[in-house]
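Participant: Just passing along the structure, written as structure tokens.
Just so it is clear, none of the values below were taken in a lab; they were calculated from the coordinates. Small disclaimer: the values here were computed from a predicted structure and weren't measured. Because the Cβ atoms are built from the backbone with ideal geometry, glycine has one as well, and the counts that use them run over all protein chains shown.
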Amino acid sequence: MNCIYNLDGVGFTYESTQDSSTGEFKLGPLDFSIPADKISFILGRSGSGKSTLLSLLGLLRYPSDGSLLVDDQAISKETLTRKQMADYRLKNMGFALQKGELLPFLSLKENSDFILEYLGARIKKKETKNIFKTLYSSESRDGQLERLLVSKPTRLSQGQYQRGALARAVANRPKIILADEPTGNLDINTSHEAMIFLQDYKRKENEAGRQVSVIVVTHDVHLSIEYADRIFVLKKGMLETQLEKKEKNQWMDVNGPIPSDIYSHIVNHLK
Ligand SMILES: Nc1ncnc2c1ncn2[C@@H]1O[C@H](COP(=O)(O)OP(=O)(O)OP(=O)(O)O)[C@@H](O)[C@H]1O
Ligand SMILES: [Mg+2]
């Protein structure tokens with residue numbers, strides 16, 4: 001199987017907590033691979049290390065231990081400078097992170113367009129308009145889209161903001177999308193629309209001969225069952241279990257028998 005990420009004993013400790021004897025958080029050691037061209041979900045209780053893991057997968061930090069391969073490239077201080085990591089991110093990754101990162105002084109549309117200017121426009125600005133139409137379908141129906149596009153992020157609702165982050169995440173036509181609770185502030189219909197948007201993006205890239213790996217962190221078990229090909233469950237910084245969707249939406253747990261009720265199975269692992 002073609003994997004975009006390979007983790008072998010990957011660990012991470014926050015520097016501020018490295019010397020403290022109490023309450024230290026340690027991620028890993030983690031050993032698993034994330035397939036290219038699939039939608040993978042990361043689940044786990046609050047504080048289990050999901051965002052920390054995403055920051056490693058997103059080349060925002062170096063792992064403290066182990067071997068992390070992204071696209072067969074080793075990620076360590078010895079092999080890659082911070083500048084090289086930033087270049088890789090710009091060209092290959094799209095982020096929709098938990099802590100909002102739209103630039104406050106740019107409008108919603110400018111937040112996507114500026115990436116295109118950086119990259120010499122891999123997606124045409126005209127196309128970004130269609131992206132917004134899809135992500136803001138109800139606002140579009142109400143004739144509110146034009147007003148939204150010129151709004152600064154501080155004037156948006158949390159859900160509108162989150163969808164803006166998704167629009168920007170695909171602007172550079174990435175092969176890896178990393179989304180941290182992208183539907184955390186969305187109602188149920190809009191959550192599904194956001195996931196369908198990511199699915200469609202992946203499908204269209206596939207049709208153009210490009211592979212895309214989408215990695216989503218969520219607390220929404222139902223959403224993961226519906227949209228994931230793989231589910232990774234974290235517990236206290238460790239991989240608790242790993243599930244794989246097979247033919248006809250049948251799930252397989254790498255650690256044991258195929259669960260009949262997948263929802264309760266996952267919830268049990270989250271306890
Ligand atoms: N910058 C930091 N410095 C020190 N400790 C941190 C830092 N960021 C996170 N932590 C700690 O690392 C642990 C894991 O945090 P992380 O944000 O990865 O959890 P999470 O699974 O994403 O949780 P949530 O579901 O609440 O977003 C927590 O105990 C947290 O307090
Ligand atoms: Mg988090």
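Participant: Hey, if you put +1 on the Cβ of every Lys and Arg and -1 on every Asp and Glu Cβ in the range 3-270, which of Ser33, Gln144, Asn206 ends up farthest toward the positive end of that dipole?
Facilitator: Towards the positive end, the residue furthest out is Gln144.
Participant: Here's a follow-up. Among Ser191, Ser140, rank each residue by its count of other Cβ atoms within 10 Å, from fewest to most, as a rough exposure measure.
Facilitator: By the 10 Å Cβ count, ascending, the order reads Ser140, Ser191.
Participant: If the chain between Ala86 and Gln158 were fully stretched, how many nm would it gain, using 0.36 nm times the residue separation less the Cα-Cα distance?
Facilitator: 23.2 nm
Participant: What is the distance, in nm, between label points placed 7 Å from the Cα along the Cα-to-Cβ direction at Val267 and at Lys125?
Facilitator: So the two model labels end up 5.0 nm from each other.
Participant: Could you give me D for the range 142-271, from Stokes-Einstein at 4 °C and 1.567 mPa s, where the hydrodynamic radius is the Kirkwood radius over C-alpha pairs? Units µm² s⁻¹, please.
Facilitator: D, rounded to a whole number, is 79 µm²/s.
Participant: Next question. Given a Förster distance of 25 Å, report the FRET efficiency between Gln250 and Asn189 from their Cβ-Cβ distance, rounded to the nearest 0.05.
Facilitator: 0.40
Participant: What distance in nm lies between label points placed 7 Å from Cα along the C-beta direction at Leu69 and His222?
Facilitator: The two pseudo-label positions are separated by 4.0 nm.
Participant: Using alpha carbons only, what's the Rg to Rh ratio of the chain with Rh from Kirkwood?
Facilitator: 0.96
Participant: Let me have the 222 nm mean residue ellipticity of the chain computed from DSSP H runs of 4+ only, each contributing -39500 (n - 2.57), with the sum over all residues rounded to the nearest 500.
Facilitator: Value at 222 nm, helices only, nearest 500: -11000 deg cm²/dmol.
Participant: Now, a different point. Is there a quick way to get the dipole size of the chain? I mean about its Cα centre, with the Cβ of Lys and Arg at +1 and of Asp and Glu at -1; what is the value in debye to the nearest 20?
Facilitator: The dipole magnitude comes to about 820 debye.
Participant: Then there's this: Going by how many other beta carbons lie within 10 Å of each one, how would you line up Asp65, Asp72, fewest first?
Facilitator: Exposure proxy ranking, most exposed first: Asp72, Asp65.
Participant: Another question about this same structure. Ranked by Cβ crowding within 10 angstrom, fewest neighbours first, how are Arg82, Arg89, Arg230, Arg45 ordered? Please report the intermediate quantities before stating the final value.
Facilitator: Details: Arg82 12, Arg89 18, Arg230 21, Arg45 15.
So the ranking, lowest neighbour count to highest, is Arg82, Arg45, Arg89, Arg230.
Participant: Taking the Cα centre as origin and putting +1 on Lys and Arg beta-carbons and -1 on Asp and Glu beta-carbons, what dipole magnitude results for the range 16-173, to the nearest 20 debye?
Facilitator: Dipole about the Cα centre, nearest 20: 680 debye.
Participant: Test of understanding: what is the full-extension gain from Gln144 to Tyr14, defined as 0.36 nm times their sequence separation minus their Cα-Cα distance?
Facilitator: Taking 0.36 nm per residue and subtracting the Cα distance, the gain is 42.5 nm.
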